[in-house]
Amino acid sequence: MNIMIFGQLEEITGTSVIAINRVTDTEFLIKALYEKFPLFKEKMFVVAVDKKIVTGKTQIVEQAKVALLPPFSGG
Amino acid sequence: MEDKNLHERYQRQVILKGFGAPAQNALLNAKVLVIGAGGLGCPVLQYLTAAGIGCIGVVDDDVISLSNLHRQVLFDSNDIGKPKTRVAIIKLRMMNPDTKLVEYQIRLDNNNCLDIISGYDIIVDCTDNFASRYMINDACVLKGKPLVYAAVSGFEGQVAVFNVVGKGKERTGNYRDLFPVQPKKGEVLNCAEAGVLGVLPGITGSLQANEVIKLITGIGAKLVNQLLTYNAIHNQFIVYEYNSSIQSSAFIPANETDFLKMNYENECTAYIDHFGINAEKFDEMLLQSNTKVIDVREPHELPFVTEFEFTRIPLEELKRKLNEFTKENIIFICQTGVRSMQAAAIAADHFDNSSRFFSLQGGIVAWKKIHEMNHNGN
């Protein structure tokens, strides 16, 4: 599954789209992200599934469009 | 709007279908506060002044520097060293002498924020730091003011409209529904550290001004319960939806007295990441015999807790009494989870051990709401 990466999270991944396989829900996704990119543990971001920002454990189907959105402070 | 000049000045937008004199009159009667006269503030101020907003307050305590000029397009090389508010207002007056401009050459803080925003209809967040953003958000929730938010980083921008009256007269989502607590210092770089493409706040600020105009005139769709993201590299606009949440509303001070006590400059999630537990985990730990709950609020504070046993030690007395608790797991609680976070940090620091100190996220307010919802079967 392709995951869209926003803002300064891209500095960790090096690319604006990353691939994570066999994602079933947000809990699995976060765990996989932390394993693949340990620096994510230090970062705040929210998860969007199909253009909806989700909180708590949320199911992710194979075709879902997933994005990771951090807050920005700049103005 | 009978004056001939007025008519001519705004003619190109007044003739728009669905706009007309009523929309222009709404703009002429509106009072908008723009907080921050930097990268976002410059286009917001320019377009709102040009559009004929009746009164605009301009808040900024900074002076113009050379590194501002690539994006802060109200200012030029001769303005370096001068206050942003003063220069902005001189230039905006030349642009449209009919707009009343009010200068606040100050830094917004807990003590002046509520008073200043209460005099305006719509607040526009063009600031460049999380402490101000969270403070402005909370102040707007407490005062019932719509907040038009934007923020930029690198090649990307975010825009949203918070806290307007929704269909059922309830207030729509706010910044804490998106990001409940502040990132810890250094977690997210600002423009000075991460860089920003000059045109990016121009585009993002223009989107922000557009939302203000739509809010005032009642035309079009607003970014309510939505976060718009713009990527200047990929030419990509995406709108994400989000819901209001009880957990996040608990982080907002309950009233103006609590607001004055908030320490936005030092509020951060460093503590939450280490100490925060949710209601479910809290209930689980309550059943364990080696767990003790300490309420760090003052005795008179509501809501009262009758559902479980606890010890009361107001935050100010905590340091003196900590040595009584050398072995057990301690969960600190307070009204909204902010003071309990501080308490957990103080205790961890005191014993040089963070593993047995916890803080109930969202405080007793969120805990009670969650239990009420569960009780009602929602």
**Message:** Here are the criteria: (1) over 16 Å from B:F179 (Cα atoms); (2) not in a loop (DSSP other than H, G, I, E, B). Tell me which single one A:V47 does not satisfy.
**Reply:** (1)
**Fill in**
If we keep only residues of region B:1-57 that are within 14 Å of chain A (Cβ to nearest Cβ), touching a Ser or Thr at 6+ places or on another chain (Cβ under 9 Å) and not small (G, A, S), then the residue nearest to B:G218 (Cα to Cα) is B:V44
**Complete:** Among B:E317, B:E284, the single one that is modelled with pLDDT of 90 or more, loosely packed, with under 13 Cβ neighbours inside 10 Å and of a type in the set (D, E) is B:E284
**Unique match (being in a loop (DSSP other than H, G, I, E, B) and touching a helix residue (DSSP H, G or I) at 6+ places or on another chain (Cβ under 7 Å)) among A:K57, A:K41** = A:K57
**Asked** Can you name every residue in region B:305-321 that is farther than 12 Å from B:F332 by Cα, more than 29 Å from the chain's Cα centre (by Cα) and without any contact (Cβ under 8 Å) to a residue 60 or more places away in the chain?
**Response** B:V305, B:T306, B:F308, B:E309, B:E317, B:K319, B:R320, B:K321
**Prompt:** So is B:G195 closer than 20 Å to A:G74 by Cα and of a type outside the set (K, R) or not?
**Reply:** yes
**One residue from A:E62, A:E10, A:E27 being outside any loop (DSSP other than H, G, I, E, B), among the acidic types (D, E) and away from chain B (no Cβ under 11 Å)** = A:E27
**Request:** Restricting attention to region B:218-256, report how many residues are in contact (Cβ under 8 Å) with a residue 24 or more places away in the chain and not in a loop (DSSP other than H, G, I, E, B).
**Result:** 12
**Fill in**
Note on B:C140: of the conditions (1) surrounded by fewer than 22 Cβ atoms within 10 Å (Cβ to Cβ); (2) at pLDDT 95 or above; (3) of a type outside the set (K, R), unmet is (1)
**Prompt:** Given B:N263, B:N290, which one is closer than 30 Å to B:T204 by Cα and either at pLDDT 90 or above or not β-branched (V, I, T) (or both)?
**Reply:** B:N263
**Message:** With the structure loaded, tell me whether B:L200 is touching a residue at least 12 places away in the same chain (Cβ under 8 Å), farther than 19 Å from B:C140 by Cα, away from chain A (no Cβ under 11 Å) and not in a loop (DSSP other than H, G, I, E, B) or whether it fails that test.
**Reply:** no
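Mind telling me which of the residues B:I56, B:I15 ends up being in contact with a strand residue (DSSP E or B) (Cβ under 8 Å, 6 or more places away or on another chain) and on the phi < 0 side of the Ramachandran plot?
Just one listed residue meets the conditions, B:I56.
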**Message:** Just to be sure before I move on: is B:K169 part of a loop (DSSP other than H, G, I, E, B) and either small (G, A, S) or free of Cβ contacts under 8 Å to residues at least 60 places away in the same chain (or both) in the structure I sent?
**Reply:** yes
**Asked** Looking only at region B:357-371, which residues are more than 14 Å from B:I333 (Cα to Cα) and of a type outside the set (A, V, I, L, M)?
**Response** B:K369, B:H371
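The values are calculated or read from the model by the stated rules, or taken from the named source; none is laboratory data. Bear in mind the structure is a predicted one, so any value in this text is a computation, not a measurement. Glycine also receives a Cβ, built like all others from the backbone with ideal geometry; neighbour counts cover every protein chain displayed.
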